[in-house]
1. If we count other beta carbons within 10 Å of each Cβ, what is the order of A:Ser350, A:Ser392, fewest first?
2. Over the Cα atoms of the stretch A:228-331, what is the Rg over Rh ratio if Rh follows Kirkwood?
3. So how far, in whole Å, is the C-alpha centre of the stretch A:531-585 from the one of the stretch A:147-206?
4. Mean projection of the alpha-carbon convex hull of the stretch A:1-144 over all orientations, in nm²?
5. So what is Rg over Rh here for the stretch A:183-224, counting just Cα atoms and using Kirkwood for Rh?
6. In whole Å, what are the Cα extents of the stretch A:1-75 along the three principal axes, biggest one first?
7. Out of the DSSP beta bridges found with both residues in chain A, what percent are antiparallel (nearest 5)?
8. So what's the gap between the Cα centers of the stretch A:226-286 and the stretch A:460-497, to the nearest angstrom?
Amino acid sequence: MSIVHILQKAVIKSLNNIYNLTVTEQDFQINLTKNEFEGDYTVVLFSLLKKNFTSPDILGIQLGNDLIKNNSKIFIAFNIIKGFLNLSIADEFWIALLKNNYDDTCYGKQPLNGKRVMVEYSSPNTNKPLHLGHLRNNFLGWSVAEILKSCGYKVFKSCIVNDRGVHICKSMIAWQMFADGATPQTNNTKGDHFVGEYYVKFNDEYKRQVAELIEKNYTQKDAEKDAPIMKAVQQMLQDWEAGEFSVIELWKTMNGWVYEGFAATYKNIGSDFDKTYYESNTYLLGKDIVQQGLDKDVFYRKEDSSIWIDLTENGLDEKLVLRKDGTSVYITQDIGLAQQKYEEYKIDESIYVIGDEQNYHMKVLKLIAQKLSVASADAIHHLSYGMVELPSGKMKSREGTVVDADDLVDEMINTARKHTEELGKVKDFTAPELVHLYKTIGLGAMKFYLLRVDPKKKMVFNPEESIDFHGFTGPFIQYTYARIKSILRKEKFDPVINISTNLLKSEKDILVAAEQFPLVISEAAKELDPSKVANYIFTLAKTFNSFLSELSIIKAESEEKKQLRLQLAIMTANILKSGMQMLGIDVPERM
RNA sequence: GGUCCGGUAGCUCAGCUGGAUAGAGCAUCAGCCUUCUAAGCUGAGGGUCAUUGGUUCGAAUCCAAUCCGGAUCACCA
């Protein structure tokens, strides 16, 4: 049980003892004591005064005395300043915490709780390569999955590939027009980039044709509609839906190229899925749901036979759920897929890692599912994340300001190599060891950079800052870990020695931080927020570095102190490692 | 226009279920490598927490209004 919980219970009990008063955890606050005051944890008394106490000092003294009387092994002293009851916690408590947990590599994690949850993330289109925005999505999805696992959930990672639709046909048409039979092999280009080039070529040609028509006195709108290349795309989409052999074959071939490219990228960044759904298989889902909705009068049919739902009483608009030609739209197939996931995996929670531009869509999705009383409705949870912007503004594919995922990964790994070479600390590494190290550091820097901020907020990606390996960065934490490992290689740990010593300030600081790890994990899981973990391990690493600069482990004053500090080092290393793992980041033994 | 999200140091961000003098990192400046990895440590400067009003013993945090920025409101996905 965490110290905060112990303290909460103790306060509740003491108030009951002294005043026969019943309060709950919500009635008072417990904080870490500020540095400038004596004590470790603080009970804020003001809110309790509302329960008819004369003065905070009297309440504080009586409460403080009772807490110590009943918990003499934990609380040893208190002081009261302006309504804050500051409690000092016994060194024995901290040392017991250390002794019981320092070598537990699962410290802070919880056993299986029987709950099953699916995390859907990545969800790429198959007409162009992955970019920076996908990276944030991937890292978030992966990390949230890991955090939930640490909290005892059985997690399934899934991905829905948007493998059909107009955007795919654009690349296909352009390939037919311009490729002259070229393939990724003949051009020596990664498959997804190869197909992406034709998507760009389509847009260039389309723009050219539109301009041409406007010169012939077309309006902008008509020109966009009548451009021959756009007509060809629409024809191709119809042919695809009709299952025309040559179109399907081309579609399979080009998607195949893209999948090869994606597979390489996913492998490189360490991302994978337990289940991949393809929109070409799911886009027809939801027809029976539409029928259900009509039967229940949740949906209604318009004159042109399209089917709608009226959400105006929920403050939203009317929404189409089935086209007049009888095909499902995005929202319909999503309800179908939600249901399918639920049935296939028997999940209790279904998390969607999707950008915040789809907040409205996800709201509508859940609302419709609820109105239909679909079993999976309440399980739906949208992890909405903000866009990644550049210092110059938004990424725009048309202006070529999109940051390509593969390029960025390469650049980060390259920067890691340059830094490492300059420092020259691992000259004895073999070539494969070096390659592995550069990747660990480069990817670590990138993942940490994208995960360290609140997912809900949009963020600015500053290329210069992101390649900085100092301060609040992945490599800083990796470095702290490597230093600890280096010390542990030099000095043997002797677990027999029984430690009973007074703790110095910077020794205790580490334990106070370590004690919070379990709470941080459950908080991060509750909020689906990896940045909580990132911020925490950064603070812990800083605390440890500060300790290390002040006190020596190997040259400790006594054997007992040396053993104590070795245990502190081991525990810190374990927490840093498992925290980083929850972010999808490896830690190197040396760097 | 409706709805939703955001505005904290030069920059990037914490803090937001109300609590003590608003915190980090980067950048700037000043120190620390015969001593466990200097990708480190210590210190300094830097703030009208967008604005105004309200609630409260107490507001960056809650409420209202205003200003600024963004997203969204498709028979696209």
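Coordinate-derived values only; no laboratory data. In this text, all values refer to a predicted model and were calculated from it rather than measured experimentally. Cβ atoms come from the backbone with ideal geometry, glycine included; neighbour counts cover every protein chain shown.
1. Values: A:Ser350 24, A:Ser392 9.
Ascending Cβ contact count within 10 Å gives the list A:Ser392, A:Ser350.
2. Values: Rg = 18.6 Å, Rh = 17.0 Å.
Reported Rg/Rh (Cα atoms, Kirkwood Rh): 1.09.
3. The stretch A:531-585 and the stretch A:147-206 have Cα centres spaced 44 Å from each other.
4. Averaged projected hull area, Cα only: 13.9 nm².
5. Using Cα coordinates only, the ratio equals 1.26.
6. Ordered largest first, the stretch A:1-75 gives principal extents of 30, 24, 22 Å.
7. On the way: 24 of 46 bridges.
Rounded to the nearest five, the antiparallel share is 50 percent.
8. Using only Cα atoms to place each centre, the spacing works out to 43 Å.
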